[in-house]
Amino acid sequence: MKLISLALVVLLGGLFMAATADFPDWGDPASPASVHVSPRYIEKTMEETSVPNIVTAVLADYRGYDTMFETAVVFTAGVACFLLLRRRDPRPGPERIYRHQATGVIVEMRHKPAKEPAGEVFARIDDDWVPHDLIIMNVCRLLIPFIQLFGLYVIAHGHHSPGGGFQGGVILGASIILLALSWDLRTAMGRLSEAATGLMSAVGVFIYAGVGAMCLAMGSNFLDYEALGPLMFVDPVHARSLGIFFVELGVGLAVMATMVLIYKNLASEGRLDQGL
Amino acid sequence: MDMAQYIPVLLTKYNYWVYITLMMIGLWAMIAKNNLVKKIIGMSIFQTAIILFYVSIGAKYGATIPILRHGHNGAHEAIRTVDYINPLPHVLMLTAIVVSVATLGVALALSIRIHRRHRTLEEDDILTQLREP
Amino acid sequence: MTQHFPALLVTAPLLCALLVSIAGWLRPRLCLPIALVGLGVATLAATGMLAQVLTSGPIGYRLGGWDPPWGIYYFLDQLNAVVAAVVAWVALVNLAASHRAVQADYEDKQGPFYTLYVLAVTGLLGMVATGDAFNLYVLLEISSLTGYALIGLGPNRAPLSSLNYLFLGTIGASFYLLGVGYLYIVTGSLNMADLAELLKPLYGSLAVTTAFSLIVVGLWMKMAFFPLHAWLPNAYSQAPGPAASLLAPLMTKVMVYVMIRMMLSVFTVDFVGTQAVLQQAVGWLAVAAIVAGALFALAQRDLKRMLAYIVVGEVGYMVGGAWLGNRIGMTGAVLHLINDAVMTFCVFLAAGCIFQKIRGTAFEDLQGLFKKMPWTMAALAVGALAIIGVPPTCGFFSKWYLIRGGLEAGHWGFVCALLFSSLVNVVLFFRLFEIAFFEPMAEGNGHGDHHGHAPAVAIAEAPLSMLLPLMAAALGLVALGLATGPLVKYVITPVMPTGLW
């Protein structure tokens, strides 16, 4: 079986190799892909959208409709993970585990306590708990705000430098996941609850599609940002630039929330009580 | 034809050879591996190979990244197409990356659901379990 | 507003899917109404567009206001307008029928369930409407991802079936993407109409042939064309009822549509006609698909699995018809695409109704069902007649075109396979109805038999919210059959290319 599949794969590879004979050489500036559609993006982006980063302009304006569905794909994955994994039945084994901070004694409770033990004396821990490293916890705590600030910069500066909604959104999402990794899942959940992530991912995509629908309401084609000019008191070219900025914000929000949502459900097998 | 004629072809089209090799590794893992997570890893390699292929289409010798040089007061030099690499494959692949991340997420969620039920991710063992009443 | 129908067709369901998701967190009771509104608007737009196309010819739509090939362009002619209308109507009617089943099994997850449902329909409609090869890939992935999740939600081995579907589906979609990449590298364009022009001088090139093969094979994986069908029977028979009756009729048909679109509008018949070896091979693969689908269906002892194998055979009908290489065969394939969407919907919805009531679809569970659920079984019978191909149901007419196409092409294998599969379908459904009509009720462990007569059976029909859509689907089968003439004359004939090889 393995040999047959190996032979099949090698055969397929050979076929692909043969087809490369008709392809242009690596880095050839005269290849069809470099002379047909793309030159217009390079030459006209600045005067049509006033965005120097061509990738951003093509992504969110010329082919903005693709990108809207791309954001919807991320959102779909988040909803799918939630739908497949989220469960509310109790975990087998002890319901709660606490650790007495001063002595290290571990208390397992079969039922949920009526009142969460307050203060620094007892701390709730995961069932695969290992002693925390003070350095990791505190370094991460110090770094996370700067990571988030950088994420916001990447979103906002996507017009002028590499970056944009997807990249910035992933950085923001990663900062929350770092919190969950270095502290625990409950701490991260305390900062960004389940409902918040679920709502934010939907709202993010809604901002994108909503900007498009607003253009429709202004009597122009879907996602034709020029129509938003009169609403924002700018000329059509700057309206395109601003339109790109708004949809990038939506993308950033949706990507951040969805990354966290997927992580939470995968890490805790859908129970959201504990995990990595 | 002697071997010497093939060497320039190999050298000028090596980007395609690299992507095909990677893609075949991924495809083989998806077909031949027994462990579901290994199959998922194979799937990721497979998709990444295609991304690599697309991005390599955009390359141009002597060109820079597709971000226009511009002054602060709107003054900018004349834009020449040969100075910037083709931005379109990058845009398309941003989409493909997102799709492959999303597929990866759903695949992992499904495999957790499978593990929850069968306590294993080896396909043989799962099929044996399913065959027994 | 009418000029914005193409945008509304896809964005109204998208916006509503997002609202459904928000409502799922805040007010779960609103999920279904919002979803219905979204698909309702899409259905209106699709129907309006079909009328527009029929009266004033194809319509285009520039998304973002950019001209093709720089921006994304929607192009609707008769072919995709009618497919979009069928997809929208089937999805809407199925959504209306889904309420009880979702309530019963996934009460606390209504929000995400309906979100994914509406997103799946968004993807399907977008794939039908788009005129951009890469945009099609993105939409394909939306409907696939939602499909994996909806199928994986089912009980027992559904997650494993869904993961296998995901693997094959991802390979298929990646092949499609790679094929589009090959087209892009030799032409520099992604717009379908632009590609068709740019490809004309390149027809002899190996890269174009490879691109065509990659795209077609990728789509075959997605539509479960034999021998790439392995994922379909498990996935569709184990999916939750409402998901099965959405995906089984629509997903495969939309993929067949995409294949026909690629053959007619991107590569054009001039190119496909030169691929004689491929054409021969596909003809015989289609024969194999039809025969294998029929034989596998005979071996099943479960209604849903039997239906799933019938779908495998039906895909063979359409692919075979499209590749026959003549006008009648292509007409038959397109007509069968429309008819089969409604037929498959009818029988899968009937199976969903049965499952909803007796929690099983194995043949032993179906005994005496004609007395217990007369209306459901009547609708199933109409669906069965359509699948067998009995006039005046629509199945007869499309099969008639396919057989005539086969005769004209001189492809006797295809004609024989069609007749064989029709005969097997007769046997399949007769066997089913014999069990459901004559055998006494299974319940009570033979109490009734003991006294020599069957106990009086109370009618226990499926809820009205499921029964009415089912009746609509059954009536639709007859209506489509009666409308065959105008459908072929005004919808299918105008899109047939003049030089059909």
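The values are calculated or read from the model by the stated rules, or taken from the named source; none is laboratory data. Just so you know, these numbers come straight off a predicted model, no measurement behind them. For neighbour counting, all protein chains shown are included, and Cβ atoms are generated from backbone atoms with ideal geometry for every residue, glycine included. Note: areas computed on protein heavy atoms with side chains; ligands, DNA, RNA excluded. Shrake-Rupley method; radii C 1.70, N 1.55, O 1.52, S 1.80 Å.
May I ask you to say which residue of A:LEU253, A:LEU152 is part of a helix (DSSP H, G or I), of a type outside the set (Val, Ile, Thr), closer than 26 Å to B:ILE67 by Cα and within 14 Å of another protein chain (Cβ to nearest Cβ)? First the steps, then the outcome.
Details: A:LEU152 fails: within 14 Å of another protein chain (Cβ to nearest Cβ).
Of A:LEU253, A:LEU152, the one residue that is part of a helix (DSSP H, G or I), of a type outside the set (Val, Ile, Thr), closer than 26 Å to B:ILE67 by Cα and within 14 Å of another protein chain (Cβ to nearest Cβ) is A:LEU253.
What do you reckon, is B:HIS115 assigned to a helix (DSSP H, G or I), in contact with a Pro (Cβ under 8 Å, 6 or more places away or on another chain) and modelled with pLDDT of 90 or more? Can you show your working first?
Details: assigned to a helix (DSSP H, G or I): yes; in contact with a Pro (Cβ under 8 Å, 6 or more places away or on another chain): no; modelled with pLDDT of 90 or more: yes.
For B:HIS115, the condition - assigned to a helix (DSSP H, G or I), in contact with a Pro (Cβ under 8 Å, 6 or more places away or on another chain) and modelled with pLDDT of 90 or more - is not met.
Note on segment A:48-65: residues that are under 17 Å from B:THR81 (Cβ atoms), in contact with a Ser or Thr (Cβ under 9 Å, 6 or more places away or on another chain) and either at the interface with another protein chain (Cβ under 7 Å from one of its Cβ atoms) or not in a helix (DSSP H, G or I) (or both) amount to 5. Any residue in segment A:129-148 that is open to solvent by 90 Å² or more (accessible area, probe 1.4 Å), in a loop (DSSP other than H, G, I, E, B) and free of Cβ contacts under 8 Å to residues at least 12 places away in the same chain? Within segment A:129-148 (the criterion being open to solvent by 90 Å² or more (accessible area, probe 1.4 Å), in a loop (DSSP other than H, G, I, E, B) and free of Cβ contacts under 8 Å to residues at least 12 places away in the same chain), the answer is yes, since at least one residue qualifies.
Return the residue satisfying two criteria in turn: it lies in segment B:58-69 and is closer than 18 Å to A:VAL58 by Cα and either more than 8 Å from chain A (Cβ to nearest Cβ) or over 20 Å from the mean Cα position of the chain (by Cα) (or both), and of such residues it is modelled with the lowest pLDDT. The residue in question is B:ARG69.
Here C:TRP501 passes the criteria (1) at pLDDT 85 or above; (2) of a type outside the set (A, V, I, L, M); (3) under 30 Å from C:LEU285 (Cβ atoms) except the one numbered (1). For segment A:208-225, a residue qualifies if it is of a type outside the set (Gly, Ala, Ser) and crowded, with 21+ Cβ neighbours inside 10 Å, and the qualifying residues are A:TYR208, A:VAL211, A:CYS215, A:ASN221, A:PHE222, A:LEU223, A:ASP224, A:TYR225. Under the condition of being more than 20 Å from C:PRO13 (Cα to Cα) and in contact with a Ser or Thr (Cβ under 6 Å, 6 or more places away or on another chain), the residues counted in segment A:186-235 number 1. Of all residues in segment A:15-36, exactly one satisfies the criterion of being over 36 Å from the mean Cα position of the chain (by Cα), over 17 Å from B:LEU11 (Cα atoms) and in a helix (DSSP H, G or I), namely A:LEU15. For A:TYR41, all conditions in the list (1) part of a loop (DSSP other than H, G, I, E, B); (2) crowded, with 17+ Cβ neighbours inside 10 Å hold save one; what is the number of the exception? The one condition A:TYR41 does not meet is (1).
Here's the yes/no breakdown for (1) open to solvent by 10 Å² or more (accessible area, probe 1.4 Å); (2) closer than 20 Å to C:LEU418 by Cα; (3) in contact (Cβ under 8 Å) with a residue 12 or more places away in the chain:
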{"residue": "C:ASP302", "(1), (2), (3)": "yes, no, yes"}
{"residue": "C:VAL315", "(1), (2), (3)": "no, yes, yes"}
{"residue": "C:ASP340", "(1), (2), (3)": "no, yes, yes"}
{"residue": "C:PHE345", "(1), (2), (3)": "no, no, yes"}
{"residue": "C:ALA351", "(1), (2), (3)": "no, no, yes"}
{"residue": "C:ARG359", "(1), (2), (3)": "yes, no, no"}
{"residue": "C:ALA379", "(1), (2), (3)": "no, no, yes"}
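Can you name every residue in segment C:162-184 that is farther than 20 Å from B:PHE53 by Cα and surrounded by fewer than 24 Cβ atoms within 10 Å (Cβ to Cβ)? Once the filter is applied, which keeps residues that are farther than 20 Å from B:PHE53 by Cα and surrounded by fewer than 24 Cβ atoms within 10 Å (Cβ to Cβ), segment C:162-184 yields C:ASN164, C:PHE167, C:LEU168. Among the residues of segment A:5-23, some residue qualifies, meaning at least one is at pLDDT below 85, open to solvent by 10 Å² or more (accessible area, probe 1.4 Å) and among the charged types (D, E, K, R).
With the condition kept exactly as written, say whether any residue in segment A:74-83 is assigned to a helix (DSSP H, G or I), more than 30 Å from A:ALA239 (Cα to Cα), in contact with an Asp or Glu (Cβ under 7 Å, 6 or more places away or on another chain) and within 11 Å of chain C (Cβ to nearest Cβ). Even if it seems obvious, please write down each step before you answer.
Here is the first cut: in segment A:74-83, the ones assigned to a helix (DSSP H, G or I) are A:74-83.
Now narrow it down to the ones that are more than 30 Å from A:ALA239 (Cα to Cα): A:77-83.
From what is left, the residues that are in contact with an Asp or Glu (Cβ under 7 Å, 6 or more places away or on another chain) are none.
No, there is no match, as no residue in segment A:74-83 is assigned to a helix (DSSP H, G or I), more than 30 Å from A:ALA239 (Cα to Cα), in contact with an Asp or Glu (Cβ under 7 Å, 6 or more places away or on another chain) and within 11 Å of chain C (Cβ to nearest Cβ).
Filtering segment A:229-246 for residues that are within 23 Å of A:GLY163 (Cβ to Cβ), within 13 Å of chain B (Cβ to nearest Cβ) and either modelled with pLDDT of 95 or more or touching a Gly at 6+ places or on another chain (Cβ under 6 Å) (or both) leaves an empty set.
Under 16 Å from the mean Cα position of the chain (by Cα) and more than 30 Å from B:PRO87 (Cβ to Cβ) - does that describe any residue in segment A:168-176?
Taking segment A:168-176 as the starting set, the residues that turn out to be under 16 Å from the mean Cα position of the chain (by Cα) are A:168-176.
From what's left, more than 30 Å from B:PRO87 (Cβ to Cβ): A:176.
Checking segment A:168-176: at least one residue is under 16 Å from the mean Cα position of the chain (by Cα) and more than 30 Å from B:PRO87 (Cβ to Cβ).
Checked against the criterion of being within 30 Å of B:HIS118 (Cβ to Cβ), of a type in the set (A, V, I, L, M), in contact (Cβ under 8 Å) with a residue 24 or more places away in the chain and buried (at least 24 other Cβ atoms within 10 Å of the Cβ), the candidates C:LEU124, C:LEU145, C:LEU76, C:LEU116 yield just one match: C:LEU116.
Among the residues of segment C:148-204, those that are facing chain A (nearest Cβ under 9 Å) and β-branched (Val, Ile, Thr) comprise C:ILE185, C:VAL186, C:THR187.
Taking residues in segment C:223-243 that are over 17 Å from C:PHE296 (Cβ atoms) and of a type in the set (Asp, Glu), and partners anywhere that are assigned to a loop (DSSP other than H, G, I, E, B) and open to solvent by less than 30 Å² (accessible area, probe 1.4 Å), not one pair has Cβ atoms closer than 8 Å while being at least 6 places apart or on different chains.
Here the condition is being at negative phi, open to solvent by less than 60 Å² (accessible area, probe 1.4 Å), within 9 Å of another protein chain (Cβ to nearest Cβ) and in contact (Cβ under 8 Å) with a residue 40 or more places away in the chain; of B:LEU110, B:LEU27, B:LEU36, it holds for B:LEU36 alone. Counting residues in segment A:92-110 that are in contact (Cβ under 8 Å) with a residue 40 or more places away in the chain, within 14 Å of another protein chain (Cβ to nearest Cβ), part of a loop (DSSP other than H, G, I, E, B) and over 22 Å from the mean Cα position of the chain (by Cα) gives zero. Yes or no: segment C:29-49 includes at least one residue that is under 30 Å from C:ASP194 (Cβ atoms), away from chain A (no Cβ under 14 Å), open to solvent by 10 Å² or more (accessible area, probe 1.4 Å) and out of contact with any Ser or Thr (no Cβ under 6 Å at 6 or more places or on another chain). Yes, segment C:29-49 contains at least one residue that is under 30 Å from C:ASP194 (Cβ atoms), away from chain A (no Cβ under 14 Å), open to solvent by 10 Å² or more (accessible area, probe 1.4 Å) and out of contact with any Ser or Thr (no Cβ under 6 Å at 6 or more places or on another chain).
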